[in-house]
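The values are calculated or read from the model by the stated rules, or taken from the named source; none is laboratory data. The structure displayed is predicted, hence computed values, not measured ones. Positions of Cβ are backbone-derived with ideal geometry, glycine not excepted, and every protein chain shown enters the neighbour counts. Side chains are part of the model used for accessible areas, which takes the heavy atoms of the whole protein and leaves out ligands, DNA and RNA. Shrake-Rupley method; radii C 1.70, N 1.55, O 1.52, S 1.80 Å.
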Amino acid sequence: MAEEVPEVPLVLVSNPYLDKKAASVRQKPILWEGYERASLLTHEQVEVIKAIDKKSLTAIQDAINEKGQTYASLIMYLLQNLSRPDTIQYVCLITDDILSAKEENARYFHETSKENPSFPFGPFFKYLEADEEFMSLEVSKVLTILACSAPSPSQVDISPLLNWITRKLTGSINDVVNLVIQELESILRVSAYRSAVWNTQNCVKELVHRLFLNKSASTPQIQYQIIFCLWLLTFEKEFAATINEKYDIIPLLIEIAKSAVKEKVIRVSIATLKNLVEKAPAQNLAAMLVAKLLPFTENLSTRKWSDADILEDINYLKERLEEDFQSLTTFEQYASEVETGKLEWSPPHRSEVFWKENAHKFEEHNYQLLRSLARLLSTSNSSLVLSVAASDIGYYIKYASKSGKNVLQDIGAKQRIMELMTHEDQEVRYQALLAVQKYMHQVW
């Protein structure tokens with residue numbers, strides 16, 4: 001059973017950018033009688049639509065209380081049979097009014113699936129890709145509300161909406177990005193949609209990219225909303241186990257929490273880290289220790305918080321990290337550093353004793369750790385990581401078996417060390433030179 005997530009409203013937080021565009025669409029009169037004269041609508045249909053045209057939400061709700069099903073079916077009919085953009089925009093706006101007036105109104109739209117299995121989503125999906133910006137934004141809002149109120153979400157395919165949201169996440173208009181992040185927050189409330197979001201190509205990647213881009217530039221509100229989306233995703237064990245490996249979110253969340261001004265940003269960052277530990281400790285604790293979360297939780301636990309839940313989450317994290325830290329050997333700590341790619345000059349890297357005692361462990365599991373170290377030499381852009389990795393290879397060479405040295409050659413590490421002797425960074429060049437000297441010394 002997925003945990004209840006109480007904080008996110010079903011209907012989106014309002015978006016001033018969309019509201020402003022909606023206000024101008026509301027001003028335009030729609031000549032319903034013209035559709036009647038052209039035999040596109042019956043007189044009865046025109047009367048029904050005019051009863052809510054340009055009316056207050058209260059008047060609309062009164063009409064829905066009386067003829068909810070009639071209105072939902074009529075809207076499906078209008079979307080399928082009319083094509084003038086201004087009319088379709090207005091029909092989408094009326095749908096939003098009906099859905100926003102009262103949560104229960106959504107059921108009338110879901111009932112239309114009995115008339116046509118593509119209802120209520122199909123007619124809206126058609127306009128999601130409209131060239132006119134207001135239309136696609138308004139349709140995306142309506143689709144989000146319908147998706148979140150669906151009686152059987154596991155049977156609803158919202159992939160057109162998720163693909164559209166992913167594309168909008170890459171855009172440069174912050175108001176639009178803000179809207180689609182709100183839509184994702186609502187969608188991720190429903191546990192049945194979390195897999196769909198996770199499996200939508202580039203969706204989570206773009207979300208994390210936005211967070212990374214916005215570390216300094218974005219508003220605390222956007223940071224909060226993006227991390228909220230990640231928090232909801234991490235309620236699923238499978239995603240909690242792989243999200244850090246895929247998107248490196250642990251150091252990012254810690255960095256944001258350290259510089260956050262708003263308590264709610266810290267709260268949601270810590271809650272996400274707590275989920276990662278609760279759902280998938282084996283995959284996440286080591287990365288948290290390497291990212292120095294333990295000293296940060298110690299610092300946080302001494303602060304005053306207005307929300308008692310934060311302290312509970314901080315203490316939970318602190319205790320789990322302390323247990324894990326105490327149970328790790330120095331070699332395991334070193335291996336965690338290599339596996340997470342976050343190398344720095346921690347004590348093992350400069351300890352002759354460490355290498356003498358542990359060099360043979362690099363050969364276990366088909367040289368897995370040695371291969372990971374060599375991979376960092378080829379893939380990292382960080383001068384610090386390259387310097388430490390080159391130094392480590394040098395130490396390893398000194399105590400390696402003959403087969404270990406052969407593996408270094410086979411996986412291209414020896415070649416890469418030689419290339420690094422001409423690196424632009426002085427420290428990288430120096431450590432690569434030392435490693436090559438050790439290699440030559442051992443060979444001779």
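If R0 is 30 Å, what FRET efficiency do you get for residue 56 and residue 174 from their C-beta distance, rounded to 0.05?
Working: r = 31 Å, r/R0 = 1.05.
It comes to 0.45.
Considering only 277, 249, 260, whose Cα is most displaced toward the positive end of the charge dipole of the stretch 240-280, charges sitting on Cβ of Lys, Arg (+1) and Asp, Glu (-1)?
Final value for the positive-end residue is 260.
Quick check for me: using +1 on Lys/Arg Cβ and -1 on Asp/Glu Cβ, what's the dipole size of the chain about its Cα centre, in debye to the nearest 20? Let's see the in-between values first.
Numbers: 48 positive and 58 negative charges, 220 e Å.
With only Lys, Arg, Asp and Glu charged at Cβ, the dipole is about 1060 debye.
What per residue convex hull volume, in Å³, do the alpha-carbon atoms of the stretch 59-105 yield? Don't jump to the answer; show the numbers that get you there.
Working: hull volume 2.9 nm³, N = 47.
Per-residue hull volume (Cα only) is 62 Å³.
With a Förster radius of 60 Å, plug the Cβ-Cβ distance of residue 65 and residue 305 into 1/(1 + (r/R0)^6) and report the FRET value to the nearest 0.05.
0.85
List the equivalent ellipsoid semi-axes of the chain in whole Å, largest first, each obtained as the square root of 5λ for an eigenvalue λ of the Cα gyration tensor. Before the final figure, lay out each step's value.
Details: eigenvalues 655, 103, 65 Å².
Equivalent ellipsoid semi-axes, largest first: 57, 23, 18 Å.
Using +1 at the C-beta of Lys and Arg and -1 at the C-beta of Asp and Glu, which of 373, 396, 351 has the Cα lying farthest in the positive direction of the dipole of the stretch 294-444?
The one lying farthest along the dipole's positive direction is 396.
Beyond a 32 Å Cα-Cα separation, which of these cross-linked pairs lie in this structure: 102/318; 20/102; 264/361; 141/304; 237/414?
Numbers: 102/318 43 Å; 20/102 22 Å; 264/361 44 Å; 141/304 39 Å; 237/414 40 Å.
From the list (102/318; 20/102; 264/361; 141/304; 237/414), the Cα-Cα distance tops 32 Å for 102/318; 264/361; 141/304; 237/414.
Could you calculate the contour length gain from residue 261 to residue 325, that is, 0.36 nm times the residue separation minus the distance between their Cα atoms, to one decimal place in nm? It would help to have the intermediate numbers written out before the result.
Working: separation 64, 0.36 × 64 = 23.04 nm, distance 2.92 nm.
So the extension gain works out to 20.1 nm.
On a 1.4 Å probe surface of the protein chains, which of 320, 375, 210 comes out largest in accessible area, and what is the full order? Kindly include the intermediate steps, with their values, before the conclusion.
Details: 320 65, 375 130, 210 25 Å².
Largest accessible area first, the residues go 375, 320, 210.
What is the helix-to-structure angle for 159-169, meaning the angle in degrees between its Cα long axis and the longest Cα principal axis of the chain, kept from 0 to 90 and rounded to the nearest 10?
Helix 159-169 sits roughly 70 degrees off the main axis of the chain.
Extending each Cα 7 Å along its Cβ direction at residue 401 and residue 83, get the distance between those two points in nm, one decimal.
Taking the two extended label points, one gets 7.5 nm.
Multiply the residue separation of residue 219 and residue 333 by 0.36 nm, subtract the distance between their alpha-carbon atoms, and state the gained length in nm to one decimal. Walk me through the numbers before you get to the answer.
Numbers: separation 114, 0.36 × 114 = 41.04 nm, distance 3.60 nm.
That works out to 37.4 nm of additional length.
Binning at 10 angstrom from zero up to the longest distance, how are the C-alpha pair distances of the stretch 352-410 distributed in percent?
That works out to 23, 57, 20, 0, in percent per bin.
Tell me, what HN-Hα J-couplings in whole Hz come from the Karplus equation 6.51 cos²θ - 1.76 cosθ + 1.60 at θ = phi - 60° for each residue of the stretch 43-49, using x for Gly and Pro?
Values per residue, Gly and Pro as x: 4, 4, 4, 4, 4, 4, 6 Hz.
Along its principal axes, what span do the Cα atoms of the stretch 151-238 show, with the longest given first and each in whole Å?
Largest first, the stretch 151-238 extends 39, 25, 21 Å along its Cα principal axes.
Relative to the first principal axis of the alpha-carbon coordinates of the chain, what is the inclination of helix 85-101, with its axis defined by its Cα atoms, in degrees from 0 to 90 and to the nearest 10?
80 degrees
If eta is 0.890 mPa s and T is 25 °C, what Stokes-Einstein diffusion coefficient results for the stretch 340-444, Kirkwood Rh from Cα pairs, in µm²/s? Present the calculation step by step, with values, prior to reporting the outcome.
Numbers: Rh = 13.4 Å.
For the chosen part, D equals 182 µm²/s.
For a quick protection proxy, order the peptides 306-316, 112-122, 68-78 by their average other-Cβ count within 10 Å, most packed first. Provide the component values of the computation, followed by the final result.
On the way: 306-316: 14.6, 112-122: 16.2, 68-78: 20.1.
Top of the packing list down: 68-78, 112-122, 306-316.
What residue among 146, 370, 211 has the largest mean-square fluctuation in a Gaussian network model of the chain, using Cα springs under 10 Å?
Comparing 146, 370, 211 in the GNM, the peak value goes to 370.
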